[in-house]
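Report on the following structure.
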Amino acid sequence: MSNIVAIVGRPNVGKSTLFNRLVKRRQSIVHDQSGVTRDRVYGQSEWNGIDFSIIDTGGYVEGSQDIFEKEIIKQVKHAVREATVIIFVVDVTSEITDLDSRMSGFLQKIEKPVLLVVNKVDDSLRTYDTPIFYKLGFKEFFSISSINGSGTGELLDKIVTFFSKESIIKKNDLPRLCIVGRPNVGKSSLINLLLDDNKNIVTNQAGTTRDVTDSYFKKYGHEFYLVDTAGIRKKGKVKEDLEYYSVVRAIGAIENADVCILMLDASRGMESQDQNIFSLIQRNNRGVIILVNKCDLIQNMNDQGKLIKTQILNKIAPFDDVPIMFISVLNKQRVLKAVKEAINVYNRLYTRISTSKLNDFILDVINHNPPPSVKGKRVKIKYVTQLPTKKPSFAFFCNLPQYIKESYKRFIENKLRNEFDFVGVPIQLFFRKK
């Protein structure tokens, strides 16, 4: 069995704060407002040489008619089924609530280790308020403060006793494919389809996804992480703190990705905010693929599809060497082809070209199309080499690098792209004095 810990409890007891402390980074959004966490958020932790996964869940609320709270309950129950050990968090400042009692009854029916954690014991005085939680029916509990970390060491000591001593193989070197776009373009639906699992809550309401969620994918000969993000809206339309934090997390996910999958709505094409997201991907030098979702809404795919593709290319010019694919998550059309293309982009990121092959090609191009002279001075490019960077970068050595114009740099870049297949891959050119 995998080493997995699920953190559960009613809203606002400090689950996400505990999760962030255990994974040692601010991954889950923490806010005073109830119901902030919705999807299952996964993270990695280690204690005494044992690696394990942690799942943060939304606040458990029974009997609610709210669509999000109904979906959160499903996510909590799924996390409980998936986990090896369950951490049941309660709040010392509010004693025992009806929700605590009902959840305790639900968890005690499960044949898995359940650790009762009394949170927000931030000082010694609050320790005297903890014995009341024996009423929940557990033989022991752990008094902790997730905000300052006290008591978490003893909790971790207990958690790892239920795990095998063999560490989980770390998969930090796997590709990270980050799905980004405006709200309601189908990002979470795509994740759920690929995983065959309703891991992420999907509704017609914009802003459903808040946290950045990582999902391990291993199917059809591929292995990578899928990263779902909140929809990124224009700054002027972000009015709530929670949405602001969601957008910041989404931007951070782009910065940490290998390849970004920019999803568009076929009925709207590429709008100004899509262009802004694409520019953000470009500035971070990430691989990119554009997916036009909801193509099932297009009546004449041949003609309308060409118009949409032309519009996209015009909007992202001069960066036109980008895969553009039309998919329908609803009808499961071309989704796997899109995944394969994203992996192809990832593999192209690590293309290495020998110096001899590179010079044979590019010097011939330069001889036939030399840089234009400036102020009567002729620019001579002597040779080129690929730099040992993570993304493809090339250094051109010449006598007058300051006179190389942007238009000529784009000309050389396009020649490199066409010859060495850098579709969807950012490449950088540096002109240096020989």
Exercise. Looking only at region 379-411, which residues are of a type in the set (A, V, I, L, M, F, W, C) and within 24 Å of Val259 (Cα to Cα)?
Worked result: Leu387, Phe394, Ala395
Exercise. Which condition breaks for Ser272 when tested against (1) without any contact (Cβ under 8 Å) to a residue 40 or more places away in the chain; (2) over 21 Å from Thr229 (Cα atoms); (3) of a type outside the set (Phe, Trp, Tyr)?
Worked result: (2)
Seminar exercise, completed: For region 400-413, pairs from a residue that is open to solvent by less than 30 Å² (accessible area, probe 1.4 Å) to a residue that is in a helix (DSSP H, G or I) and not aromatic (Phe, Trp, Tyr), with Cβ under 8 Å and 6 or more apart or across chains, are Ile412/Ile362; Ile412/Val365; Ile412/Ile366
Problem set entry | Residue ID - modelled with the lowest pLDDT, chosen from residues in region 23-44 that are open to solvent by less than 10 Å² (accessible area, probe 1.4 Å) and not in a loop (DSSP other than H, G, I, E, B) | Val41
Exercise. Hey, any hits in region 352-369 for a residue that's among the aromatic types (Phe, Trp, Tyr) and within 19 Å of Val288 (Cβ to Cβ)?
Worked result: no
For this session: Identify all residues within region 115-142 that are over 16 Å from Ile86 (Cα atoms), out of contact with any Phe, Trp or Tyr (no Cβ under 8 Å at 6 or more places or on another chain) and of a type outside the set (A, V, I, L, M, F, W, C); write none if there are none.
Result: Lys120, Asp122, Asp123, Ser124, Arg126, Thr127, Tyr128, Asp129, Pro131, Lys135
For this session: Please work out which residue is modelled with the highest pLDDT, limiting yourself to region 54-72 and to residues that are open to solvent by 10 Å² or more (accessible area, probe 1.4 Å) and part of a helix (DSSP H, G or I).
Result: Glu71
Exercise. So, in region 5-22, of the ones that are farther than 19 Å from Asp98 by Cβ and hydrophobic (A, V, I, L, M, F, W, C), which residue ends up nearest to the chain's Cα centre (by Cα)?
Worked result: Phe19
For this session: Take the residues in region 296-326 that are of a type in the set (S, T, N, Q), more than 22 Å from Val345 (Cβ to Cβ) and open to solvent by 80 Å² or more (accessible area, probe 1.4 Å), then tell me which one is modelled with the lowest pLDDT.
Result: Gln299
Problem set entry | Odd one out for Val238 among (1) under 19 Å from the mean Cα position of the chain (by Cα); (2) modelled with pLDDT under 75; (3) surrounded by fewer than 18 Cβ atoms within 10 Å (Cβ to Cβ) | (1)
Seminar exercise, completed: All-but-one check, Arg268 against (1) of a type outside the set (Asp, Glu); (2) modelled with pLDDT of 90 or more; (3) open to solvent by 10 Å² or more (accessible area, probe 1.4 Å), failing number (2)
Problem set entry | Positions within region 390-432 being among the hydroxyl-bearing types (Ser, Thr, Tyr) and not in a helix (DSSP H, G or I), in sequence order | Ser393
Seminar exercise, completed: Arg352 fails exactly one of (1) more than 22 Å from the chain's Cα centre (by Cα); (2) open to solvent by less than 70 Å² (accessible area, probe 1.4 Å); (3) under 26 Å from Pro175 (Cβ atoms), namely (2)
For this session: Answer with yes or no whether Tyr134 is touching a strand residue (DSSP E or B) at 6+ places or on another chain (Cβ under 9 Å) and over 21 Å from Arg21 (Cα atoms).
Result: yes
Exercise. Pro388: surrounded by fewer than 13 Cβ atoms within 10 Å (Cβ to Cβ) and either modelled with pLDDT of 95 or more or on the phi < 0 side of the Ramachandran plot (or both), yes or no?
Worked result: yes
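Listed here are the residues, each with its yes/no results for (1) under 32 Å from the mean Cα position of the chain (by Cα); (2) open to solvent by less than 40 Å² (accessible area, probe 1.4 Å).
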residue: Thr93; (1), (2): no, no
residue: Ser124; (1), (2): no, no
residue: Thr127; (1), (2): no, no
residue: Leu136; (1), (2): no, yes
residue: Asn148; (1), (2): yes, no
residue: Thr161; (1), (2): yes, no
residue: Arg176; (1), (2): yes, no
Problem set entry | From the options Val384, Val379, residue that is of a type in the set (A, V, I, L, M), farther than 30 Å from Arg176 by Cα and assigned to a loop (DSSP other than H, G, I, E, B) | Val379
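The values are calculated or read from the model by the stated rules, or taken from the named source; none is laboratory data. Note that the coordinates shown come from a computational prediction; the quantities given were computed from them, not determined experimentally. Glycine gets a Cβ as well: all are built from the backbone with ideal geometry, and neighbour counts include every protein chain shown. Quick note on the areas: whole protein, heavy atoms, side chains included, nothing else; ligands and nucleic acids left out. Shrake-Rupley method; radii C 1.70, N 1.55, O 1.52, S 1.80 Å.
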